[in-house]
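Please read the structure below before turning to the comments.
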Amino acid sequence: TPNACSLLVDIFSEQRDSLIKRKEELDEGGFKVKELIESLDRKKDEAINRTFRGVSAHFKDVFKELVPNGAGELIMRTAMDEGDGESDNEDEEKDPNNPDVSLYRGVGVKVRFSRSSENFLMSQLSGGQKALVAMALIFAIQRCDPAPFYLFDELDQALDSTYRAAVASLIKRQATPSDDPENPRESTQFICSTFRPELVAAANRCFGISHQNKVSSLHMLSKNDALHFIANLMSEEEQVGDVTSLATSKAVGSRGSSSSKKRKADDADNENDEGSVTVSP
C-alpha cells in the first residue's frame, strides 16, 4: 500500500541519514587522529634534534676542558650521508639542519688531541683515547640532563696521568653547585673507585674496602692515608713490572743460548721448545 511504502522510505531515509552522519563523524575523527599523529611526530623530531644539539654543544665544551689543545664534535649520520635515502620534493623543502628522525642512522664522533693533528674517528683511537671520549660524552649528557649521583668503577684505569688529572678536575667542578645565571649547576654526587692518586686528591671523602674471610668491610680513610695506600700499591706494581721484564729477558736469553748449543750438537734437529714465564705478584 502507499502508506506502507511511504513508511519504508522514511525508515530507509533515516537509516541513510544516520549512516552518513556516522561516516562524517568517523572521517572527522580520523582526520583529527592524523593531525595528532603528525603533531606528535613533529614534537618527537624537535625533541630529538634539540637534545642532540644540546649534548653536541656540551660535548665540545667538555672535550675542550679535558683536552685543552684538542677539539671534538658529535655528528649525526643520516640516510642522505650514506646515499641510501631517496628525497622527494617535500624532503628537499625541509631544513637540512633539522631532518626527519626516520633518516637518522647513528651518531659519529670526530676528535683531535692537538692543534696540529688531524681529526680522528672512534675506530682510529687507542683504548685510552676511546675511554676519554666516552667520558666526555657521559659528562655532556650529565650537563644536558643532570642526575643526582653517578657511580664510576675505575673510570681512569686506561688514562695517563695528564688526562687523569683533567678528569678529576672536571668531576670536582661538576660536583660543585654553581649560582652562575649563565651556567647554573646543582650539587651532584660522584662515587668513584680508583687506584690512582689524581681522583683521590680531588675527593671530598675517601673510603677503603677490605675483604677478609669472605666478608667485605668499609673503612673511612683520611686523604693522606688513601694517597699513601695508593702510592704503596703503585710502587708494588712497578716492582712487579720490573721483575716481569727481567724474568722475560732472562728467559729469552736462555732460549737463545740453548738453541745455539743444540744447533751445534745436532744440525739436523732445529726445533726448539719455547718456555713460559709466570710471575705472581
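Inside the stretch 87-191, counting only helices (runs of 4 or more DSSP H) that do not spill past its ends, which hold 3 or more residues that are at pLDDT below 85? Show your work before the answer.
Numbers: elements: 89-92, 127-144, 161-175.
So the answer is 89-92.
Among all residue pairs at least 6 apart or on different chains, which show Cβ distances below 9 Å where the first residue, located in the stretch 60-81, is within 28 Å of D45 (Cβ to Cβ) and free of Cβ contacts under 8 Å to residues at least 40 places away in the same chain and the second is part of a loop (DSSP other than H, G, I, E, B) and of a type in the set (D, E)?
These pairs meet every condition: T78/D100; A79/E86.
Of the conditions (1) without any contact (Cβ under 8 Å) to a residue 24 or more places away in the chain; (2) touching a strand residue (DSSP E or B) at 6+ places or on another chain (Cβ under 8 Å); (3) open to solvent by less than 70 Å² (accessible area, probe 1.4 Å), D180 fails just one. Which one is it?
Unmet for D180, out of (1) without any contact (Cβ under 8 Å) to a residue 24 or more places away in the chain; (2) touching a strand residue (DSSP E or B) at 6+ places or on another chain (Cβ under 8 Å); (3) open to solvent by less than 70 Å² (accessible area, probe 1.4 Å): (2).
Residue-by-condition table, conditions (1) in a helix (DSSP H, G or I); (2) charged (D, E, K, R); (3) closer than 23 Å to V101 by Cα:
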residue	(1), (2), (3)
S6	yes, no, no
R22	yes, yes, no
E25	yes, yes, no
E28	yes, yes, no
K32	yes, yes, yes
L36	yes, no, yes
S39	yes, no, yes
R42	yes, yes, yes
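Considering only residues that are in a strand (DSSP E or B) and not hydroxyl-bearing (S, T, Y), which ones fall in the stretch 192-203? Let's see the steps before the verdict.
From the stretch 192-203, those in a strand (DSSP E or B) are 192-193; that's our starting set.
The answer is C192, and nothing else.
For the stretch 165-177, give me the residue count where each residue is among the polar types (S, T, N, Q) and either crowded, with 18+ Cβ neighbours inside 10 Å or in contact with a Lys or Arg (Cβ under 9 Å, 6 or more places away or on another chain) (or both). Outline the logic, then answer.
Quick first cut of the stretch 165-177, residues among the polar types (S, T, N, Q) only: 169, 174, 176.
Still in the running and either crowded, with 18+ Cβ neighbours inside 10 Å or in contact with a Lys or Arg (Cβ under 9 Å, 6 or more places away or on another chain) (or both): 174, 176.
Result for the stretch 165-177: 2.
In the stretch 183-215, what count of residues is obtained for those that are in contact with a strand residue (DSSP E or B) (Cβ under 7 Å, 6 or more places away or on another chain) and surrounded by 15 or more Cβ atoms within 10 Å (Cβ to Cβ)?
The qualifying residues number 7.
Looking at A147 and the list (1) within 18 Å of the chain's Cα centre (by Cα); (2) within 23 Å of S126 (Cα to Cα); (3) small (G, A, S), which single condition is not satisfied?
If we test A147 against (1) within 18 Å of the chain's Cα centre (by Cα); (2) within 23 Å of S126 (Cα to Cα); (3) small (G, A, S), just (2) comes out false.
Tell me, which residue of the stretch 107-164 that is basic (K, R) and closer than 17 Å to V62 by Cβ is surrounded by the fewest Cβ atoms within 10 Å (Cβ to Cβ)?
Filtering the stretch 107-164 for residues basic (K, R) gives 110, 112, 115, 130, 143, 164.
Cutting the leftovers down to closer than 17 Å to V62 by Cβ gives us 110, 112, 130, 143, 164.
On the way: K110: 14, R112: 17, K130: 16, R143: 18, R164: 22.
Ranking the qualifying residues of the stretch 107-164, first place goes to K110.
The values are calculated or read from the model by the stated rules, or taken from the named source; none is laboratory data. Bear in mind the structure is a predicted one, so any value in this text is a computation, not a measurement. Using ideal geometry, Cβ is built from the backbone for each residue, glycine included, and neighbour counts are taken over all protein chains shown. Accessible surface is based on the protein model in full, side chains and every heavy atom, while ligands, DNA and RNA are left aside. Shrake-Rupley method; radii C 1.70, N 1.55, O 1.52, S 1.80 Å.
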